Amino acid sequence: MYTLCSTPEELMRSRYEAFVKEDWNYLQETSVHQKKEEFNDISSIQWLKLDVIDANENIVEFKAYYKEKGQVNVLHEKSNFVKVDGLWKYLDGELFKSIIQRNELCPCGSGKKFKKCCA
Ligand SMILES: [Zn+2]
């Protein structure tokens with residue numbers, strides 16, 4: 001069961017935690033269409049960091065940084081949420097092409113610039 005999330009941003013953050021913990025049941029429960037089987041192929045991903053860029057009524061834009069097969073990448077998405085029976089749920093999302101800038105702080109949390117760290 002999931003605790004009530006009063007805003008889409010809160011739900012977005014709790015879903016990110018669920019990705020980190022590989023809690024596929026929670027992810028299925030908090031989305032309209034996603035089935036937990038869909039998450040099988042992303043279980044090799046190591047999530048590093050979540051940045052919420054913008055959040056309004058029912059849309060949350062975020063960047064989620066992750067490491068897969070030794071490569072650090074970023075997922076940039078605008079997610080749409082809907083209220084179903086009084087509970088916010090993830091509906092779908094629009095993906096954007098995004099890269100980690102070489103002079104950005106490395107998402108792994110080392111405090112170094114990306115180009116001098118995980119790039
Ligand atoms: Zn790094």
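Read the figures in this text as sums done on the coordinates, not as results from a lab. All values reported here derive from a predicted model rather than from experimental measurement. Heads up, the Cβs are rebuilt from the backbone with ideal geometry, glycines too, and the neighbour counts pull from every protein chain shown.
Quick look at the numbers
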{"item": "Where Glu9 falls short, out of the listed (1) within 20 Å of Leu75 (Cα to Cα); (2) buried (at least 17 other Cβ atoms within 10 Å of the Cβ); (3) more than 12 Å from the chain's Cα centre (by Cα)", "result": "(3)"}
{"item": "Any pair with Cβ under 6 angstrom, 6 or more apart, that starts in segment 89-118 at a residue that is without any contact (Cβ under 8 Å) to a residue 24 or more places away in the chain and ends at one that is more than 9 Å from the ligand (Cβ to nearest atom) and assigned to a loop (DSSP other than H, G, I, E, B)", "result": "Lys113/Asn103; Lys115/Arg102"}
{"item": "Test result for Val84, among the β-branched types (Val, Ile, Thr) and within 16 Å of the ligand (Cβ to nearest atom)", "result": "no"}
{"item": "Hey, Glu57 surrounded by 18 or more Cβ atoms within 10 Å (Cβ to Cβ) and acidic (Asp, Glu) or not", "result": "no"}
{"item": "Qualifying positions in segment 44-81 - touching a residue at least 40 places away in the same chain (Cβ under 8 Å) and more than 16 Å from the ligand (Cβ to nearest atom)", "result": "Val52, Ala55, Glu57, Asn58, Ile59, Val60, Phe62, Ser79, Phe81"}
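Quick grid of which residues meet (1) part of a strand (DSSP E or B); (2) aliphatic (A, V, I, L, M); (3) more than 13 Å from the chain's Cα centre (by Cα); (4) within 16 Å of the ligand (Cβ to nearest atom):
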| residue | (1), (2), (3), (4) |
| --- | --- |
| Arg13 | no, no, no, no |
| Asp92 | yes, no, no, no |
| Leu95 | yes, yes, no, no |
| Ile100 | no, yes, yes, yes |
